[in-house]
1. Would you indicate which of [x] 54; [y] 58; [z] 68 is the value of percent of Cα pairs over 17 Å apart derived from the coordinates of this structure?
2. Quick one: how many lysine pairs in the chain have C-alpha atoms under 18 angstrom apart, if they're 8 or more apart or on different chains?
3. Treat the count of other C-beta atoms within 10 Å as a stand-in for reagent exposure and order Ser13, Ser92 from fewest to most.
4. When only DSSP loop residues count, what chymotrypsin sites (Phe, Trp or Tyr not before Pro) in region 1-108 have their Cβ near at most 15 other Cβ atoms within 10 Å?
5. Give, in nm to one decimal, the length gained when the segment between Glu72 and Ala12 is fully stretched (0.36 nm per residue of separation minus the Cα-Cα distance).
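Values quoted throughout were computed directly from the atomic coordinates according to the rules given, and no laboratory measurement underlies them. Quick caveat: nothing in here was measured; it's all calculated off a predicted structure. Positions of Cβ are backbone-derived with ideal geometry, glycine not excepted, and every protein chain shown enters the neighbour counts.
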Amino acid sequence: MGLENYVDSDEASGLMGMCIDAIVPVLKKELKVVNNEYNTDGCVNVALFFEAVVIPAEMGTYEEGLAEVAQETITLIQEKLDTQFENPDDWSSKDNYDEHKDAYERMIEALIKWLEGD
């Protein structure tokens, strides 16, 4: 038995489970945050958290609460893509439109890959 990942240790795995149990309610609360044009909505903040913390830490999708949060995040970001990107002229610039659209698509792709275990 090696110690390549937290799942290689019962105690480390238990600790990770407790940490995940603690952060899931925070992430669920953040998903409800809706901000104005100058601040990111909660679903974007949660997606960025997944990209920075959950995915690199190889937290498994078997953590049911995290998987639920990831799925809800995908749904909310997809709704943003479906509604906020209909007309590029509504944005301050084409670059701003493209950067945000690309970022949202990247976030969805990363979450889907994580959910699929890739």
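1. [y]
2. Pairs that pass both the separation and distance tests number 4.
3. Ser92, Ser13
4. Working: sites: Tyr6, Tyr38, Phe49, Phe50, Tyr62, Phe85, Trp91, Tyr97, Tyr104; in loops: Tyr38, Tyr62, Phe85, Trp91.
Passing both the DSSP loop test and the Cβ count: Tyr38, Tyr62.
5. That pair, Glu72 and Ala12, stretches by 18.8 nm at full extension.
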